[in-house]
Amino acid sequence: GLLAVSGAGLLALCYYLLRREAAGNSRRLQAAQAAEIRFRTLADSAPVMIWMADPAQGNYYFNRTWLEFTGRGQAEEARGGWEEGVHPDDRERVRATWTHAETQREPYKLEYRLRRRDGQWRWVLDT
């Protein structure tokens with residue numbers, strides 16, 4: 001049959017379950033934060049430019065090598081500075097190729113000119 005539980009007992013059970021869930025969430029959050037730190041440390045140590053974008057096509061991460069190359073900060077790049085750094089003659093092709101690859105979830109390979117911090121254009125390979 002059914003188990004009779006008092007109001008206080010039900011409240012205690014709910015409190016226990018919420019605490020257990022919160023502890024699990026806390027451990028998952030800590031693990032995700034640790035993984036993020038490991039990734040950023042690895043990416044920032046790499047001698048290549050690395051960037052990542054979220055599925056909504058909002059750029060959100062550029063490694064230290066990228067930032068040193070362009071001379072801009074993380075926030076500026078994330079607000080669209082990366083696109084301003086692409087040569088005007090290449091910009092539409094880069095945008096179209098990247099948008100297609102992202103929406104179709106397909107790999108891509110792009111060569112384009114990117115402005116270095118001193119204003120010089122350099123060819124880059126983006127895959």
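Taking segment 86-127, which residues are at pLDDT 95 or above, assigned to a loop (DSSP other than H, G, I, E, B) and under 14 Å from MET49 (Cβ atoms)?
Answer for segment 86-127, where residues must be at pLDDT 95 or above, assigned to a loop (DSSP other than H, G, I, E, B) and under 14 Å from MET49 (Cβ atoms): ARG116, ARG117.
Could you list, in sequence order, the residues of segment 34-78 that are loosely packed, with under 12 Cβ neighbours inside 10 Å, within 13 Å of the chain's Cα centre (by Cα) and not charged (D, E, K, R)?
ALA35, ILE37, MET52, PRO55, ALA56, GLN57, GLY58, ALA75
I'd like to check something: does segment 10-21 contain any residue that is modelled with pLDDT of 85 or more and more than 17 Å from VAL124 (Cα to Cα)?
no
The values are calculated or read from the model by the stated rules, or taken from the named source; none is laboratory data. For clarity, every value in this text was computed on a predicted model and none was experimentally measured. Counting neighbours? That spans all protein chains shown, and the Cβs are built from the backbone with ideal geometry, glycine included.
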